[in-house]
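Reviewing the structure listed below.
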Amino acid sequence: MSQNNGDTLTARGPDLTSISKLKPSTPTRKPKPPKPENAITIGVSARVLFNMEKEQQIYEQQGLEDYIKYQVEHETQPFSPGPAFSFVKALEAVNTQLRELYPDSEELFDVVLMTNNHAYVGLRLINTINHHQLFIERFCMTGGNSPIGYLKAYHTNLYLSSDPDKVREALEEGIAAATMFTQEKITEVSDTQLRVAFDGDAVLFSDESERIYKAHGLDKFFEHEKAHENKPLDHGPLKCFLEALGKLQKKFYGKGQRMDCPIRTYLVTARSAASSGTRALKTLRSWGLEIDEALFLAGAPKGPMLEKIRPHIFFDDQMFHVEGAAEIGTVACHVPYGISQASAPK
């Protein structure tokens with residue numbers, strides 16, 4: 001897979017004319033970043049925020065010194081947007097509206113660029129951020145070391161990377177994380193509303209029910225869910241990110257903007273509504289969390305629903321669904337968590 005933005009974008013990079021439709025989110029006079037303990041912090045790696053495929057090939061084929069030399073020689077040439085670009089722009093658009101409603105509040109999204117790049121590459125990254133008018137003030141450049149140890153220090157609520165090993169490491173530290181891929185096309189997304197779609201089991205919820213299904217089949221799964229429909233599922237790795245989104249949604253609800261909220265969340269699950277949907281919905285209610293739309297597909301493909309939703313980002317624990325979503329242009333992330341990973345190819 002390979003990634004971009006626009007209605008039908010190629011592997012060469014997203015159509016910047018469609019990206020420019022997003023509301024300006026970086027005013028001439030930049031606002032002060034929020035304190036990390038007050039913000040919803042999103043850690044993104046340089047390779048998912050920007051398209052660095054060519055540079056990565058140089059690193060892998062020619063080594064670190066040639067890689068650094070190339071970056072320095074091209075530091076005035078901005079990178080094109082990567083798979084996380086539209087998601088980050090949407091976060092900034094939400095921040096713009098939050099600042100209008102709550103001028104003194106620091107409950108905002110704060111994007112931190114997390115990269116193991118050498119500091120010499122920093123100038124090109126800064127030039128690229130300024131070129132695309134992104135409001136990213138915090139960098140973590142670790143010069144070849146893993147940045148995972150810094151995630152908790154930054155109070156990270158979500159970490160996105162192209163490196164599955166780093167993502168697994170973050171998940172083991174209890175931090176919501178997912179692997180992003182470069183896609184051949186990315187569907188055009190809303191420039192007025194951040195849309196985030198989640199799978200259920202092993203993403204928002206634990207893999208408890210998935211384990212029953214894998215071990216005993218569908219009938220036993222349905223029996224188990226019926227018998228335990230009043231017992232909430234344990235939390236999955238992305239529950240805390242849904243909580244963070246809900247926290248900001250309530251700020252808009254408090255200003256009478258429930259129906260016009262610029263954040264919308266979706267549950268897109270292979271569960272069937274009648275046989276196993278009750279437990280999922282009761283679990284969310286027991287957590288005090290709302291989901292704006294719940295789509296129970298009873299095993300049907302998720303692609304057509306995602307094509308309709310057009311989320312900025314979709315999280316699933318099974319690569320089958322991630323690949324299917326990417327084929328129709330949805331920015332899909334893999335959450336390497338739960339029983340399904342035991343049989344999944346690395």
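List of remarks:
- Selection from G256, I291, M305 lying farthest towards where the dipole of segment 225-346 points positive, charges on Cβ: G256
- When only alpha carbons are used to place a centre, segment 278-327 and segment 209-251 end up 12 Å from one another.
- Here r is the Cβ-Cβ distance between Y253 and L218 and R0 is 51 Å; the resulting FRET efficiency, rounded to 0.05, is 0.85.
- With only Cα atoms counted, the chain has Rg and Dmax values of 19.9, 64 Å.
- If R0 is 56 Å, the Cβ-Cβ spacing of R285 and E65 corresponds to a FRET efficiency of close to 0.50.
- Packing rank of 194-200, 117-123, where each peptide gets the mean count of other beta carbons within 10 Å, highest leading: 194-200, 117-123
- For the residue pairs K32/K89; K54/K185; K220/K302; K239/K282, the C-alpha atoms sit more than 21 angstrom apart in K220/K302.
- Shape box of segment 36-178 [Cα atoms, principal axes, largest first, Å]: 50, 35, 21
- Within a straight-line Cα-Cα reach of under 22 Å, K255 can be paired with the following lysines, leaving aside sequence neighbours fewer than 8 residues apart in one chain: K23, K247.
- Cα-based shape type of segment 194-338, given that a ≥ b ≥ c are square roots of the gyration tensor eigenvalues and the cut on a/c is 1.5: oblate
Every read-out reported here was derived from the displayed coordinates using simple, explicitly stated rules and does not represent laboratory data. These numbers come from a predicted model, not from an experiment. Methodologically, a virtual Cβ is constructed for each residue, glycine included, from the backbone with ideal geometry; neighbour enumeration extends over all protein chains shown.
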